[in-house]
Amino acid sequence: MTWLLWGTPPGIQTPQSGGTIQTPFSVLHVCRAVVTARILRPEADLLEVFRAFQHAFYVGALDTTNSLVLAEVGSRALEELGHPVSVDEFLATYKKRSTIDEAATDFATSRVMGVSSFPTLFLKKDGTLRRVGAGYAHVDELEKHLAAMAT
């Protein structure tokens with residue numbers, strides 16, 4: 001899997017690209033589905049919901065660019081977490097302009113925070129977010145960064 005420009009929907013015009021970028025895989029759909037879950041059931045464990053979408057893509061080989069597939073996976077994940085939502089309600093919320101806008105705001109916030117790769121790990125200390133690492137890092141390296149930041 002390749003992300004040519006993280007967080008950019010396929011075919012979008014961007015100032016950085018100087019033209020149109022075609023991405024072979026877009027994280028946009030799954031990100032919007034997680035935002036949908038957050039809107040519908042903010043008290044739910046959204047990391048578990050995200051894991052359900054990852055499982056659907058990587059293990060189930062499901063098309064996570066298909067909104068109905070995302071609604072089915074999201075609805076099932078929320079049900080399993082004790083926060084039931086119908087597939088129809090999930091799908092309707094996923095398609096709302098306000099949900100699309102909220103997901104876009106999340107992407108913009110990530111860019112402002114300097115996120116340019118997955119995963120990016122932040123530590124919140126004294127009300128301030130500080131980046132621990134970005135991209136793949138060995139656990140020993142992360143532990144060193146965390147220990148240094150904790151003092």
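On the basis of being surrounded by 12 or more Cβ atoms within 10 Å (Cβ to Cβ) and either acidic (Asp, Glu) or in contact with a strand residue (DSSP E or B) (Cβ under 7 Å, 6 or more places away or on another chain) (or both), does Leu123 make the cut? Explain how you work it out, then say what you get.
Values: surrounded by 12 or more Cβ atoms within 10 Å (Cβ to Cβ): yes; either acidic (Asp, Glu) or in contact with a strand residue (DSSP E or B) (Cβ under 7 Å, 6 or more places away or on another chain) (or both): yes.
It is true that Leu123 is surrounded by 12 or more Cβ atoms within 10 Å (Cβ to Cβ) and either acidic (Asp, Glu) or in contact with a strand residue (DSSP E or B) (Cβ under 7 Å, 6 or more places away or on another chain) (or both).
Scan Ala61, Ala52 and give me the residue that is among the small types (Gly, Ala, Ser) and touching a residue at least 24 places away in the same chain (Cβ under 8 Å). If you could, list the steps in order and put the result at the bottom.
Working: Ala61 fails: touching a residue at least 24 places away in the same chain (Cβ under 8 Å).
Selected residue: Ala52, the only one of Ala61, Ala52 that is among the small types (Gly, Ala, Ser) and touching a residue at least 24 places away in the same chain (Cβ under 8 Å).
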**Message:** Against the definition (within 17 Å of the chain's Cα centre (by Cα) and not polar (S, T, N, Q)), how does Glu102 come out, yes or no?
**Reply:** yes
**Item:** Residues of the stretch 49-76 satisfying the condition of being more than 15 Å from Arg32 (Cα to Cα) and out of contact with any Ser or Thr (no Cβ under 9 Å at 6 or more places or on another chain)
**Value:** His55, Tyr58, Val59, Gly60, Ala61, Leu62, Arg76
**Request:** Being buried (at least 17 other Cβ atoms within 10 Å of the Cβ), at pLDDT 95 or above and out of contact with any strand residue (DSSP E or B) (no Cβ under 7 Å at 6 or more places or on another chain) narrows it down to one of Ala56, Ala44, so name that one.
**Result:** Ala44
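The values are calculated or read from the model by the stated rules, or taken from the named source; none is laboratory data. Given the structure is predicted, the values throughout are model-derived calculations rather than measurements. A quick note on method: Cβ atoms are made from the backbone with ideal geometry, for glycine too, and the neighbour counts reach across all protein chains shown.
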